[in-house]
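The values are calculated or read from the model by the stated rules, or taken from the named source; none is laboratory data. None of these values were measured; they are calculated from a predicted model. Virtual Cβ from ideal backbone geometry, glycine too; neighbours counted across all protein chains shown.
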């Protein structure tokens, strides 16, 4: 038996098909070669002169809505915020969650265009059941059955760090598996049959984004620009700020002129200052992507069915809640890294408003406030008074979990620049925050904040 055979036997037994097995084999072999994936500063140059979404005009995108699918990555549980179910079932407003808004957006596109714009959710084995149960309310709209909306994310084995063999954990065999990263969307599209199914249905383009990014809606102007460009792949990027300097950035490889993504794990210590130079490397990936499906299929065939995406090695323990459990490697691939796989790939600069992910309870509190508005067509956007800049909200550790927001309450933040909450508080209805405000409480009992205007100060 080869070193990989045990992994393939395990994956096949779990129902994994040719595409995910081939991708994992490629990444496992890269692990054995001890590939680092490092990208030196001297090998790249900054990405410059990108087209701006605001300057594209309306174009012909509305007439192309019959040729595009919306694909949302919906595999996350939001465990960092204390959730046990899909993150997309988090309430944004009373009785309305992320998933409801995605459905509203899709139905609005269908109504405008008269076309049945497909909505495809890449679910994981952890999110599938609850997601489909919630979608039953949309049965009449053809958005309920698994074969209408679902593409399953694959699973890959965790690798015992000491032996580089499949890890065994009889106490909880589910812990022997891990998600493969959102780059799994490419083998998932092939293995599930969705790629061929969409193409056979006349769908030429797909818009991919994260389900927790409510700023990522299908924009007909961007669709028209992408289709007109003839490019195989387009990434939405936005400007890095000081808060983004440790995150990955877009660059151009000197050797062939292709765009690429460089993450901090791919940066040598000596290049770190330049990596964090946001005046030089100005853009980061929003993880909202546009693909020409015919060209994706052709590229996959040219690459023997496996896009050569850089492998990301994560060091974990087999039971993430037990730091003393067996050390493992988890191999992942990133969806946006595919930009370097396509000759002629583009990037387009979009406003920050198209990047509004909910990663923390502070993000969720801001989203639930009046700083944002929810439109009838499912769009969520900052109110005009915010001039494109969301409030900067910081919550202390007492509010790490979603349930804690229920007792906090939601103040008005439409005129808030920054809000810092330390310790337990309870906002009455009618609390208005303006400017830069901090609330502090060192006591074990919640501090009640009475209705009124709180402006520029500590309370």
Self-check item: Among the candidates 325, 353, residue that is in contact with a strand residue (DSSP E or B) (Cβ under 8 Å, 6 or more places away or on another chain), touching a residue at least 24 places away in the same chain (Cβ under 8 Å) and in a loop (DSSP other than H, G, I, E, B)
Solution: 325
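Each row is one residue, and each column tells you yes or no for (1) touching a helix residue (DSSP H, G or I) at 6+ places or on another chain (Cβ under 9 Å); (2) closer than 18 Å to residue 210 by Cα.
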residue: 82; (1), (2): yes, no
residue: 86; (1), (2): yes, yes
residue: 94; (1), (2): no, no
residue: 110; (1), (2): yes, no
residue: 114; (1), (2): yes, no
residue: 131; (1), (2): yes, yes
Quiz item: Any idea which of (1) out of contact with any strand residue (DSSP E or B) (no Cβ under 8 Å at 6 or more places or on another chain); (2) crowded, with 18+ Cβ neighbours inside 10 Å; (3) in a loop (DSSP other than H, G, I, E, B) is the one residue 39 doesn't satisfy?
Solution: (1)
Self-check item: Among (1) touching a helix residue (DSSP H, G or I) at 6+ places or on another chain (Cβ under 6 Å); (2) modelled with pLDDT under 95; (3) buried (at least 21 other Cβ atoms within 10 Å of the Cβ), the one test that residue 144 misses
Solution: (3)
Quiz item: Under the condition of being assigned to a strand (DSSP E or B) and touching a helix residue (DSSP H, G or I) at 6+ places or on another chain (Cβ under 7 Å), which residue from region 392-403 is farthest from residue 218 (Cα to Cα)?
Solution: 395
Quiz prompt | Count - residues of region 1-35 that are assigned to a loop (DSSP other than H, G, I, E, B) and exposed (fewer than 13 other Cβ atoms within 10 Å of the Cβ) | solution = 6
Exercise. Quick one: count up the residues across region 377-391 that are closer than 18 Å to residue 216 by Cα and surrounded by 17 or more Cβ atoms within 10 Å (Cβ to Cβ).
Key: 5
Quiz item: Taking region 79-106, which residues are out of contact with any strand residue (DSSP E or B) (no Cβ under 9 Å at 6 or more places or on another chain), assigned to a helix (DSSP H, G or I) and buried (at least 16 other Cβ atoms within 10 Å of the Cβ)?
Solution: 81
Practice problem: Could you check how many residues of region 304-319 are in a loop (DSSP other than H, G, I, E, B) and exposed (fewer than 13 other Cβ atoms within 10 Å of the Cβ)? | Solution: 1
Practice problem: Return a yes/no flag: does region 376-391 have any residue that is within 23 Å of the chain's Cα centre (by Cα), under 22 Å from residue 79 (Cα atoms), not in a helix (DSSP H, G or I) and not assigned by TED's automatic domain parsing to the domain that holds residue 99. | Solution: no
Quiz item: Is region 404-423 home to any residue that is under 26 Å from residue 222 (Cα atoms) and surrounded by 16 or more Cβ atoms within 10 Å (Cβ to Cβ)?
Solution: no
Quiz item: If you take the residues of region 294-314 that are touching a residue at least 60 places away in the same chain (Cβ under 8 Å) and within 21 Å of the chain's Cα centre (by Cα), which of them is farthest from residue 264 (Cα to Cα)?
Solution: 296
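Here is a yes/no grid of residues against (1) in contact (Cβ under 8 Å) with a residue 24 or more places away in the chain; (2) within 22 Å of the chain's Cα centre (by Cα); (3) over 30 Å from residue 397 (Cα atoms):
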site: 22; (1), (2), (3): yes, no, yes
site: 25; (1), (2), (3): no, no, yes
site: 30; (1), (2), (3): yes, no, yes
site: 33; (1), (2), (3): no, no, yes
site: 49; (1), (2), (3): no, no, yes
site: 62; (1), (2), (3): yes, no, yes
site: 65; (1), (2), (3): yes, no, yes
site: 79; (1), (2), (3): no, yes, no
site: 85; (1), (2), (3): yes, yes, no
Practice problem: Could you figure out which of (1) surrounded by fewer than 20 Cβ atoms within 10 Å (Cβ to Cβ); (2) modelled with pLDDT of 90 or more; (3) farther than 22 Å from residue 223 by Cβ isn't true of residue 371? | Solution: (1)
Self-check item: Filter result for residue 417 (within 22 Å of residue 355 (Cα to Cα), free of Cβ contacts under 8 Å to residues at least 12 places away in the same chain, within 30 Å of the chain's Cα centre (by Cα) and assigned to a strand (DSSP E or B))
Solution: no
Exercise. Consider residue 366 carefully, then state whether it is crowded, with 17+ Cβ neighbours inside 10 Å, under 30 Å from residue 47 (Cβ atoms) and not assigned by TED's automatic domain parsing to the domain that holds residue 260.
Key: yes
Self-check item: Pick from region 264-293, criterion within 24 Å of residue 353 (Cα to Cα) and without any contact (Cβ under 8 Å) to a residue 60 or more places away in the chain, ranking: surrounded by the fewest Cβ atoms within 10 Å (Cβ to Cβ)
Solution: 279
Practice problem: Would you mind stating whether residue 171 is more than 22 Å from the chain's Cα centre (by Cα) and either more than 30 Å from residue 313 (Cβ to Cβ) or in the same structural domain as residue 376 (by TED's automatic domain parsing) (or both)? | Solution: no
